[in-house]
Amino acid sequence: MSFIDWEQIPPNQVAPGVHIRTPYGKNIMLSRVEFDEGAVVPMHNHPHEQGGIMLQGKMKFTIDGETRIVEPGESFIIPGGVPHSAEAVDGPCVALDIFSPIREDYVELANRYIPPVS
């Protein structure tokens, strides 16, 4: 997959009001994360490195105990294993996350919606 049409990738819900679209290659995964107003990704961690950029709206982001409001154009990097959470504030928001290595749990989630080849 060289070019990505986000609208052709089915969204998957990872928390109430939080949907992801996750194209990936061999070593990296992109994840367009769309939050409804007030939607929350609770505190969690994973072994993958995660970087990202806010595209639209505002997000209250907590990384390793530090909380900030992240606005369009602002970015972040989260080392693997570090606790973090996110919440849409003042309306819906959209972020682009990048994971390395790819998140196999997101691959499995996406594959649930791909019909088997017959």
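The values are calculated or read from the model by the stated rules, or taken from the named source; none is laboratory data. Since we're looking at a predicted model, the values are computed, not measured. We place every Cβ from the backbone using ideal geometry, glycine too, and count neighbours over all the protein chains shown.
Screening segment 16-26 for residues that are modelled with pLDDT under 95 and not hydroxyl-bearing (Ser, Thr, Tyr) and picking the one that is nearest to the chain's Cα centre (by Cα) gives Pro23.
Looking only at segment 61-83, decide whether some residue is crowded, with 16+ Cβ neighbours inside 10 Å, small (Gly, Ala, Ser) and not in a loop (DSSP other than H, G, I, E, B). No, segment 61-83 contains no residue that is crowded, with 16+ Cβ neighbours inside 10 Å, small (Gly, Ala, Ser) and not in a loop (DSSP other than H, G, I, E, B).
Please go through segment 1-42 and give me each residue that is part of a loop (DSSP other than H, G, I, E, B), of a type outside the set (A, V, I, L, M), more than 22 Å from Ala88 (Cα to Cα) and in contact with a strand residue (DSSP E or B) (Cβ under 8 Å, 6 or more places away or on another chain), ordered by number. Of everything in segment 1-42, those that are part of a loop (DSSP other than H, G, I, E, B), of a type outside the set (A, V, I, L, M), more than 22 Å from Ala88 (Cα to Cα) and in contact with a strand residue (DSSP E or B) (Cβ under 8 Å, 6 or more places away or on another chain) turn out to be Pro23, Asn27.
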